[in-house]
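*Asks:* First, the structure itself, so that you have it in front of you.
The values are calculated or read from the model by the stated rules, or taken from the named source; none is laboratory data. This is a predicted model, so every value here is computed, not measured. Neighbour counts are summed over all protein chains in view; Cβ atoms, including those assigned to glycine, are modelled from backbone coordinates with ideal geometry. In case anyone asks, the SASA skips ligands and DNA or RNA and just uses the protein heavy atoms, side chains included. Shrake-Rupley method; radii C 1.70, N 1.55, O 1.52, S 1.80 Å.
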Amino acid sequence: MSLPTHVELIEVGARDGLQNESIILPVATRVELIKRLARSGLKKIEAGSFVSPKWVPQMANTDHVLETLNTSGIKQQTGAHFSVLTPNLQGLQGAIQYHADEVAIFGAASEAFTQKNINCSIEQSLTQFESVITTAKQHNLPIRGYVSTVIGCPYQGYIEPQTVARVAKTLYDMGCYEISLGDTIGVGTPVKFKHMLDAVLKYIPAEKLAIHCHNTYGQALVNIYTSLEYGINKIDSAVAGLGGCPYAKGASGNVATEDVLYMLQGMDIVTGVDLKAVIDTGNWICETLGRENQSKVGVALS
Ligand code: HMG
Ligand code: MG
């Protein structure tokens, strides 16, 4: 199998990264983080979530984050484009009103996690997403679909690849332009990833898939490499390895953008992103949050 020559990184640090931090950052700091990420050459950046502020207080004021970004000229300067999570029509209304460039719905392959995360069953979530997708399309908003817990669930354990494939196919058939497969608690290993990808690739082509690896067990890079071998060339990552899901017990940070970039550079795979600029941003946000940098590359090269 030949590896892709280009990879697109989807930077989730300002959303997945910050949603799990104990410190709630002010809008100005969230905007500054996103601007720095955009200036480093990252073109697809998650800017926040239109979710209940009671459920995820860290993502409150995503409307102000978008408003500030949209009037700052950063999109024109960098060509970056900002997406937000929208679990339901209420969230989508916010995304439309504040001119998000893209929205993402987030389902899961585990019943228990879906209940904990968005307070409904998988079937109910899919029905709800259908109306989000229909309305988003009427507004010409591209919709990305997440499937979480593609390998394991903190409440339910092992997840069957067939279940992942079924949820992913449903979201794809409904009109998501891309499906991001989330190893939410980072329990995957290459063989498990292969089994999961073999099941999903029966229904969705590799060019429509992304992977989203949390690095809880240090397996993210090897699972990403496995996915590259399958022709997948969209990778979600978070600066400084920030992240986690408040409703997935034990989930630690995402794979660090710096670590993914270093690996890809070592394989001559083009991303268009300036590693040094991401490292500087990683150090800055860790200092701001008062936490350790989770990027091995960020630490080694600082
Ligand atoms: P619910 O309580 O069932 O919702 O929550 P509801 O419709 O009954 O409404 C209850 C209250 O929430 C009402 O307010 C609504 O207005 C409000 P109240 O009358 O009590 O004041 N509400 C909202 N507020 C703002 N924005 C909205 C919204 N919807 C309702 N969109 C809900 C259902 C989905 C809202 C809730 O469960 C929720 O917000 N969950 C968010 C969970 C979340 O953000 N998790 C993290 C992201 S997923 C993730 O990290 C995984 C991923 O990274 C991939 C991976 O790693 O695998 C993507
Ligand atoms: Mg995540």
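*Asks:* Anything in the stretch 203-230 that is within 16 Å of ligand 1 (Cβ to nearest atom), in contact (Cβ under 8 Å) with a residue 60 or more places away in the chain and either of a type in the set (A, V, I, L, M) or more than 18 Å from residue 13 (Cα to Cα) (or both)? List them, or say none.
*Replies:* 210
*Asks:* Give all pairs with beta carbons closer than 8 Å in which a residue from the stretch 90-117 that is within 27 Å of residue 155 (Cβ to Cβ) meets a residue that is in a loop (DSSP other than H, G, I, E, B) and small (Gly, Ala, Ser); count only pairs at least 6 apart in sequence or on separate chains.
*Replies:* That search, which allows pairs on different chains as well, returns 111/121; 113/248; 114/121; 115/121; 116/248; 117/248.
*Asks:* Looking for something part of a loop (DSSP other than H, G, I, E, B), within 16 Å of ligand 1 (Cβ to nearest atom) and open to solvent by 10 Å² or more (accessible area, probe 1.4 Å) - is there at least one such residue anywhere in the stretch 289-297?
*Replies:* The initial filter retains those residues of the stretch 289-297 that are part of a loop (DSSP other than H, G, I, E, B), namely 290-295.
Then keep just the ones that are within 16 Å of ligand 1 (Cβ to nearest atom); that gives 294.
Checking which are open to solvent by 10 Å² or more (accessible area, probe 1.4 Å) leaves us with 294.
Checking the stretch 289-297: at least one residue is part of a loop (DSSP other than H, G, I, E, B), within 16 Å of ligand 1 (Cβ to nearest atom) and open to solvent by 10 Å² or more (accessible area, probe 1.4 Å).
*Asks:* Another question about this same structure. Across the stretch 27-54, what is the total count of residues that are open to solvent by 20 Å² or more (accessible area, probe 1.4 Å), touching a residue at least 12 places away in the same chain (Cβ under 8 Å) and more than 18 Å from residue 68 (Cα to Cα)?
*Replies:* 1
*Asks:* Shifting gears a bit: Given the criterion open to solvent by less than 10 Å² (accessible area, probe 1.4 Å) and either at pLDDT 95 or above or over 20 Å from residue 37 (Cβ atoms) (or both), identify the matching residue among 268, 259, 236. Steps first, please.
*Replies:* Working: 268 fails: open to solvent by less than 10 Å² (accessible area, probe 1.4 Å); 259 fails: open to solvent by less than 10 Å² (accessible area, probe 1.4 Å).
On inspection, the qualifying residue turns out to be 236.
*Asks:* Please give the number of the condition residue 24 fails out of (1) surrounded by fewer than 17 Cβ atoms within 10 Å (Cβ to Cβ); (2) within 21 Å of residue 239 (Cα to Cα); (3) out of contact with any Leu (no Cβ under 9 Å at 6 or more places or on another chain).
*Replies:* Here residue 24 clears every test but (3).
*Asks:* Out of (1) of a type outside the set (A, V, I, L, M, F, W, C); (2) surrounded by fewer than 24 Cβ atoms within 10 Å (Cβ to Cβ); (3) within 30 Å of residue 287 (Cβ to Cβ), the odd one out for residue 13 is which?
*Replies:* In the conditions (1) of a type outside the set (A, V, I, L, M, F, W, C); (2) surrounded by fewer than 24 Cβ atoms within 10 Å (Cβ to Cβ); (3) within 30 Å of residue 287 (Cβ to Cβ), residue 13 misses (2) alone.
*Asks:* Which of (1) in contact (Cβ under 8 Å) with a residue 24 or more places away in the chain; (2) away from ligand 1 (no atom under 14 Å from the Cβ); (3) within 18 Å of residue 112 (Cβ to Cβ) is the odd one out, the single condition residue 155 does not satisfy?
*Replies:* (2)
*Asks:* Would you mind stating whether residue 231 is open to solvent by 10 Å² or more (accessible area, probe 1.4 Å), over 19 Å from residue 5 (Cα atoms) and of a type outside the set (Phe, Trp, Tyr)? Break it down into steps so the answer makes sense when it comes.
*Replies:* Numbers: open to solvent by 10 Å² or more (accessible area, probe 1.4 Å): yes; over 19 Å from residue 5 (Cα atoms): no; of a type outside the set (Phe, Trp, Tyr): yes.
No.
*Asks:* Quickly run through the stretch 191-228 and pick out the residues that are within 12 Å of residue 151 (Cα to Cα), touching a helix residue (DSSP H, G or I) at 6+ places or on another chain (Cβ under 7 Å) and open to solvent by 50 Å² or more (accessible area, probe 1.4 Å).
*Replies:* Those that are within 12 Å of residue 151 (Cα to Cα), touching a helix residue (DSSP H, G or I) at 6+ places or on another chain (Cβ under 7 Å) and open to solvent by 50 Å² or more (accessible area, probe 1.4 Å): 194, 195.
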